[in-house]
Structure formats: C-alpha cells, structure tokens
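Heads up, the thing below is written out as structure tokens.
The values are calculated or read from the model by the stated rules, or taken from the named source; none is laboratory data. Worth saying up front: this structure is predicted, and the values here are computed from it rather than measured. Here the Cβ positions follow ideal geometry from the backbone for every residue, glycine too, while neighbour counts run over all protein chains shown. Surface areas here come from the heavy atoms of the whole protein model, side chains and all, with no ligands, DNA or RNA. Shrake-Rupley method; radii C 1.70, N 1.55, O 1.52, S 1.80 Å.
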Amino acid sequence: MDVYRRVAPFRRGLLLAFVCTLLTGCSLQRLTVNQTANVLHAGAPALERESDVQFAREALPASLKTVESFLLSSPDNKKLLEIVGKGYFSYAFGFIEWDLERGQYELMEEDDLRALNRRAVVHYLRARDYGFQYLGDDKLEKAAKSNDLKALSAQLKKVKRKDVAGLFWAGYGWGAAINLSQDDPDMVAGLGAVEKIMERVTELDDDYFYAGVHAFYGVYYASRPEMAGGDPVKALYHFDKAIERHGEYNMMLHYLKGRFYAPAKQDRAVFIAEMELVANAEIVGHPNVRLNNEIARERAIWWLGHIDELIFE
C-alpha cells in the first residue's frame, strides 16, 4: 500500500506532463500556422500577377490544398479562410465555368458538360462554406441554409465591416452555384438568402474586391428574364458603378458588362465596344490584376468571334 501511494502521484505527474506537452505542442503548431498565414496572405498577389493563364490554372489547385492543410491546425484563421474562399471561387469562375460556357457553344458531349457543371458548383459551394466559416456564426449559417430570412436578417445586422470578406465570398459563391443549378429546386430556394447577404455586403463595403458586389448585381439583373426579376437598367447602373471605380485597370468589369448587359439589351454596338476594349487593353502596366485581365482578354477575343451566338439583331 505504501508503494502504491508513492507511485500513484508519480503516474499522475507523468500524465499531467504528457497532457501539457500535447497542449503546448498544439499551441505551438497553431502559432506557427498563424504566422505562416500572414506570409501566405501577403504573398497571395503572386498568383494574381501571373501572365500565363494555363500555368495559373495548373498551380491553383495545389496552392489551395496547401492552404487547407494549414486550416486543419487553425480552422478559424481569417486570412487563410479568405484565401481559400476567394481561391475556390476564382478557380471555378476563371477556369471551370469558362470551359463549360465555351463547351456549350462548341457542341461538347452532354456527359462532359454535366461533369463540368457539377465541378463548378462543387467549388462555388466550397467558396460559400469557407465564407461562412470565416464569419464563425452558426446561427447565421443555419438561418441562411434553412431559408429563414427573418432570422438571417437579424444575424446579418451583427456582421461588421471587418468581416465583409467572409460575407462576400459566402454570397457570391452561393449565387454562382445557384446560377448553374436552375433545375435543382433546393438550390434555387437559396436565392433569397443570397440576396439578403449581398444586400448586407453593399451596406458594409460595396468597394470590396474591386466593387465586386456591383459586378454581382450587374450579372444578376442582366442574366435573368424580366419576369424573374431581371432588369437591364439596374444591371447597367451596377456595371457602370464598378467600372467608374476600377474599370481603368480591371478589364473583367468591362468584359462582364459586354457579356451580360449587351445581350440582355441586344445591343451589338455595346458588345463590340466592350469586348474590343478588353481585347486591346494595355494590361502589362497593372501587374496586380494581370491574371484577371489575361482571362478577360482571352474570353473577349473568343466572343468577338462568336458574337452571333449572343446578339441576334
């Protein structure tokens, strides 16, 4: 019995030391990841400065998975969450959806089109979910996904400007996924929540990501029939608002105006003017949006050769 009394505290001490070591190790790992996040966030523009679209396309998935591996150790790190939210949206929009859109006019096999559509939706929803993870508000996410708009409005009032990145990527990613899921009633039902989210983004910071919320609304109003809430006048207002602020160097805004507003109005002159502006733009002088502009130029050139697919008059 005396031996047991002497050994038991020793064992408890070993156990306590082991637990402390584990906790300290986790804390150190988390600290290391958080410090790395600062470097990754600061270095994120490196890919945005890439001039080779194909190289960026091949590099982005591995980069995103690397960031996700860090998130396992620090799942609430907002710098990492902004990188992956934006990254998955950009990958879907910049590459997969363009393959899908072009394939529809180049008579791609239906099975291949469905596969591209599915992949684009998957990545857009990843952007949405990382946006919600950034916000860290379970009540807000639950209200949004259950389409409880009253509860969602109440939770959205609590979101501050410092968290607009999470809100923006949640709404933009979700909206893009819905746009590609028009035959899925459950997905389409989320549109009301998306509208509420993007309204709050507009209130908090309508200039985030090159006035991205105005680009969202421009596409939203231009791509829908009037009986379903489409409004070319509102679309033009939002496109021009974004272009007024960032159109001098961000050619994607001009591309989106040409691609969506011009067909909605069947305005061949606007379509040609915007696409030629993008195709002939001097983009070397704006390195921070080089990849964005290269993608916009590639698309503009393609559409100039396929104008009759969109403009019938």
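Carbon-plus-sulfur accessible fraction, the range 139-223 (probe radius 1.4 Å, protein heavy atoms only): 51%. Evaluating 6.51 cos²θ - 1.76 cosθ + 1.60 at θ = phi - 60° for every residue in the range 263-268, the Karplus couplings come out as x, 4, 9, 6, 9, 5 Hz, glycine and proline recorded as x.
Solvent-free Debye calculation, one equal scatterer per alpha-carbon of the range 63-132: log10 I(q)/I(0) at 0.17, 0.18, 0.28 Å⁻¹ equals -0.62, -0.67, -1.14.
Would you mind getting the accessible area per residue of the chain, heavy atoms of the protein chains only, 1.4 Å probe, in Å²?
Values: 16430 Å² over 313 residues.
The answer is 52 Å² per residue.
The value of relative contact order for the chain, using C-alpha pairs under 8 Å at least six residues apart, is 15 percent. Using bins of 5 Å that start at zero, the share of Cα-Cα pairs per bin across the range 201-272 amounts to 4, 20, 29, 24, 16, 6, 2, 0, in whole %.
Could you give me the percent of Cα pairs per 10 Å distance bin for the range 246-304, shortest bin first, beginning at zero and ending with the bin that holds the maximum distance? Each 10 Å bin holds this share of Cα pairs: 28, 56, 16, 1. In order along the range 102-111, the Karplus-derived 3J(HN,Hα) couplings, from 6.51 cos²θ - 1.76 cosθ + 1.60 at θ = phi - 60°, round to 5, x, 5, 9, 9, 6, 5, 4, 4, 4 Hz, and Gly and Pro are given as x. Based on Cα contacts under 8 Å between residues 6+ apart, the range 73-145 shows a relative contact order of 49 percent. The share of C-alpha pairs in the range 43-85 whose separation exceeds 15 Å stands at 44 percent.
Near Arg49, the amide H atoms lying under 5 Å from its own belong to Leu291; only residues 5 or more places off or on other chains count, and H is placed 1.01 Å from N.
Report, in deg cm²/dmol and to the nearest 500, the calculated mean residue ellipticity at 222 nm for the chain, where each DSSP H run with n ≥ 4 adds -39500 (n - 2.57) and the sum is divided by the residue count. List each step's numbers first, then the result.
Working: 17 runs with 233 residues, N = 313.
Theoretical 222 nm ellipticity from helices: -24000 deg cm²/dmol.
Of all the C-alpha pairs in the chain, what % are more than 31 Å from each other? Roughly 36 percent, rounded to a whole number. Applying the Kirkwood pairwise sum to the alpha-carbon positions of the range 161-222 produces a hydrodynamic radius of 11.7 angstrom.
With the contact rule set at Cα under 8 Å and sequence spacing of 6 or more, what percent relative contact order holds for the range 177-313? Could you put the intermediate results ahead of the total?
Details: 157 pairs, mean separation 23.9, N = 137.
That works out to 17 percent.
Highest mobility in the GNM of the chain, judged by mean-square fluctuation with C-alpha springs under 10 Å and restricted to Leu291, Leu72, Leu253, is found for Leu72. Percent of Cα pairs in the range 133-282 per distance bin of 10 Å, from zero to the largest separation: 11, 38, 33, 15, 3. In the context of the full protein assembly, Ile301 retains an accessible surface of approximately 100 Å², using a probe radius of 1.4 Å and ignoring ligands and nucleic acids. In this structure the amide hydrogen of Arg224, modeled in the peptide plane, comes within under 5 Å of the amide hydrogens of Asp231, none closer than 5 places in sequence on its chain. Charge tally for Pro287 (other residues, Cβ to Cβ under 14 Å; Lys, Arg +1; Asp, Glu -1): -3.
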